[in-house]
Amino acid sequence: MDTLFASLSVILAGGMIALLFAKQFTLMKAATIITTSAGCLIGLADSLSLLLSNNTEVIEKSWDWLHLFTLAFKVDSITLFFLVPIFTISPLALFYSFHYMGDGAKATRTAVNYFFFAILVASMALVVTAANTITFLLAWELMSLSSFFLVVFDYQVQENRQAGYLYFIFAQGGAMLLFAAFAILYKYTGNFDFSTFHTIPESAKLLVFILAFLGFGSKAGIFPLHIWLPKAHPAAPSHISAIMSGVMIKMGIYGIFRMYLLLDAATPLIGQIVLVTGIVTGILGVVYALGKQDIKQLLAYSSVENIGIILIGMGIGMVGISTKNQAMAFFGFAGALLHVFNHSIFKSLLFMGAGSVLHKAKTKNIDQLGGLMKRMPLTGKTFLAGSVAISGLPPFSGFIGEFLIYYGAFHGISNCRVCLILAVLAIVALAVIGGLAAACFTKVTGLAFLGEPRTENAANAKESGFSMTLIMIFMAITCLVIGVLPEPFIRLAFAGINDISSVSGYDTREFMIIVRHISQTAAFFIGLVLLLTMLRKLLYMKKEIGSGGTWGCGFTQPTVRMQYTGTSYAAEMIGFFRPFILIKNTYSGITKIFPGKTTWESEVEDVSEKNLHLCLVEPLLKGMNKFHWIQHGKIHFYIAYIVVAIITLLFFL
């Protein structure tokens, strides 16, 4: 625990260095990145050593705060597992930012950004180590506020400010639900300590969990509380999007998982709620991603999809515990945790790839890109690796986490009828999500990196700086290594659930034999691909290779406008999911014999966002406008309002 707090001190020192050296732009970036990364690496080394030591001893520490409250911290296997992605992705995102944050005219703003980045990393670590309500809520609010300032980095753009405000509203709304849940817990226990939560009556546990689930789910991005994600991620710098999507939203997952374990509720309804929510979130998340043309917005909806996959795994684990199916519970939880780790890597990689494209092609619109694989080969190939990984295809990392969840679900098929139905639904949902994800990232890769450039900026794009490309290459290789050699990473996930008494001690020897077969098959596949590549190079070594345009279907002068658009590619798949997906088509029409310019546009609208405006925002604005007469600018009336308010409060007190 002392090493952990030492690492957080170094991380915060890195943030202070950014403010102190704001005027020396390059020095400031280098010193901040080195110092903050050093703190992260200290924390990572300590977390991994404790997690892999098979030592189930729980470490606790506490301090008095303001002589009123106790700040309590506790480290167990779940805490240690969630610390790993926090301390792994943060230094990678920092190193990537060296060239990404290259505008010297924004030196002060960049320094402030690094300062809040350090606070975000430290606060996330404090969230997962908190052992009582006061500590947790302080760390949670610190995390939400620091990430808000990171989102509004380009505050001069109105859309970015609006995205920041929307994120702030959802963050604080979720916090209010958490306050309500913790208030109920305090009512029954009279204590802030997490260890007392299981003592409350069973009748109250479901209500507390639902409140906490909605509060944490708002941060995680469960459907329909995901609305802030596709707004905030395009607004934030790409390395911030990477840390928020890859790590920060997992704090919501941690909260849901931790609350479930602390309550120790007997009702099977909790697992069913989580599983069904995961299915809905996963499917609709990837469908909305398929319909978006903004590459960062698409990746944000894809994060919603992957939160759904993690919740499916957690739901399977919870259902397994409620039905006393240890195998189902063990592999459900382990698969969810492994997908948390894997997603932190490949989603961060994809956001960094999108940032590289935005940096050089000056657009986030997929329909304005094309041909980038030749112009930005390292970005293109690493983005392709991340796309394969996120689609859950072997031999990359996404397949391994989902395989564990599948394995847990199949263990539930032979159980009770409800368990059978839920397991089958989970299996079918995972298959649908995987297929749609593959289609989604085929669209992105095909339109953005293949074909011909659709705009001049895309045609003139060049590869990004070495700090950006080096990190993307490292993360792409990591995705491949996890897929080909998954055993140590699977054991890491197993270690993460060591302290869950209902699943600890499960015999995994039979499963690890299957894992080794998967590893051998993946290695054979990679070897075959390399062999065929070398053979092709040998056969074509001394041959002249010509190039020419593709067949134009009879057209003698094809143009780049004849290529597929994102809308035309995804239209049939998206249309299948109506009415859950709103498709808005705008057609100018033909009104005369010799028509002029005719336009047709298609846009996918978020049904949750639209209903929020119709059912909450608009009625609230209309209601508030009726009280507009109160704000008239007359000071003496304002003083009278204050006096009346004080008298009213005194009357009640």
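The values are calculated or read from the model by the stated rules, or taken from the named source; none is laboratory data. Worth saying up front: this structure is predicted, and the values here are computed from it rather than measured. Cβ: placed from backbone, ideal geometry, glycine included. Neighbour counts: every protein chain shown.
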If you go through segment 423-445 one residue at a time, do you hit one that is of a type in the set (D, E, K, R) and under 24 Å from the mean Cα position of the chain (by Cα)? yes
When every residue in segment 147-177 that is surrounded by fewer than 22 Cβ atoms within 10 Å (Cβ to Cβ) and hydroxyl-bearing (Ser, Thr, Tyr) is compared, the one farthest from Met101 (Cα to Cα) is Tyr165
Test: residue in segment 336-347 that is of a type in the set (A, V, I, L, M, F, W, C), in the same structural domain as Glu510 (by TED's automatic domain parsing) and under 29 Å from Arg454 (Cβ atoms): yes
Would you check if there is a residue in segment 202-212 being closer than 22 Å to Ser344 by Cβ and in contact (Cβ under 8 Å) with a residue 60 or more places away in the chain? no
Complete set of residues in segment 168-192 that are among the hydrophobic types (A, V, I, L, M, F, W, C) and outside any helix (DSSP H, G or I): Phe192
Would it be correct to say that Phe25 is over 26 Å from Ala334 (Cβ atoms), surrounded by 15 or more Cβ atoms within 10 Å (Cβ to Cβ) and either in contact (Cβ under 8 Å) with a residue 40 or more places away in the chain or in contact with a Pro (Cβ under 8 Å, 6 or more places away or on another chain) (or both)? yes
Neighbours by Cβ (under 9 Å, 6+ apart or cross-chain): first from segment 589-606, at negative phi; second of a type in the set (Lys, Arg): Glu601/Lys584; Ser602/Lys584; Glu603/Lys584; Val604/Lys292; Val604/Lys584; Glu605/Lys584
For a quick check of your reading: which helices (runs of 4 or more DSSP H) sit entirely within segment 326-415 and have at least 2 residues that are of a type in the set (A, V, I, L, M, F, W, C) and within 22 Å of the chain's Cα centre (by Cα)? 326-361, 377-390, 397-410
Select from segment 335-365 the residues that are buried (at least 24 other Cβ atoms within 10 Å of the Cβ) and modelled with pLDDT under 90 and list them in ascending order. Ala361
Residue among Leu48, Leu94, Leu80, Leu52 that alone is surrounded by fewer than 21 Cβ atoms within 10 Å (Cβ to Cβ), under 25 Å from the mean Cα position of the chain (by Cα) and on the phi < 0 side of the Ramachandran plot: Leu48
Condition first: part of a strand (DSSP E or B) and among the aliphatic types (A, V, I, L, M). Now tell me which residues in segment 52-108 satisfy that. Ile59, Leu71, Ala72, Val75
Single residue of segment 267-283 satisfying the filter (within 16 Å of the chain's Cα centre (by Cα) and buried (at least 24 other Cβ atoms within 10 Å of the Cβ)) that is nearest to Gly566 (Cα to Cα): Gly282
Scanning segment 392-424 residue by residue, those in contact with a helix residue (DSSP H, G or I) (Cβ under 7 Å, 6 or more places away or on another chain) and surrounded by fewer than 16 Cβ atoms within 10 Å (Cβ to Cβ) turn out to be Ile413
List the pairs whose first member sits in segment 558-574 and is touching a residue at least 60 places away in the same chain (Cβ under 8 Å), whose second member is charged (D, E, K, R) and part of a helix (DSSP H, G or I), and whose Cβ atoms are under 7 Å apart, counting only residues at least 6 apart or on separate chains? Thr565/Asp367; Gly566/Asp367; Gly566/Lys443; Tyr569/Lys443; Ala570/Lys443
Residues (buried (at least 19 other Cβ atoms within 10 Å of the Cβ) and either among the aliphatic types (A, V, I, L, M) or touching a strand residue (DSSP E or B) at 6+ places or on another chain (Cβ under 8 Å) (or both)) located in segment 186-199: Phe192, Phe194
From the list Val481, Val503, Val515, exactly one residue is of a type in the set (A, V, I, L, M, F, W, C), out of contact with any strand residue (DSSP E or B) (no Cβ under 9 Å at 6 or more places or on another chain) and part of a loop (DSSP other than H, G, I, E, B). Which is it? Val503
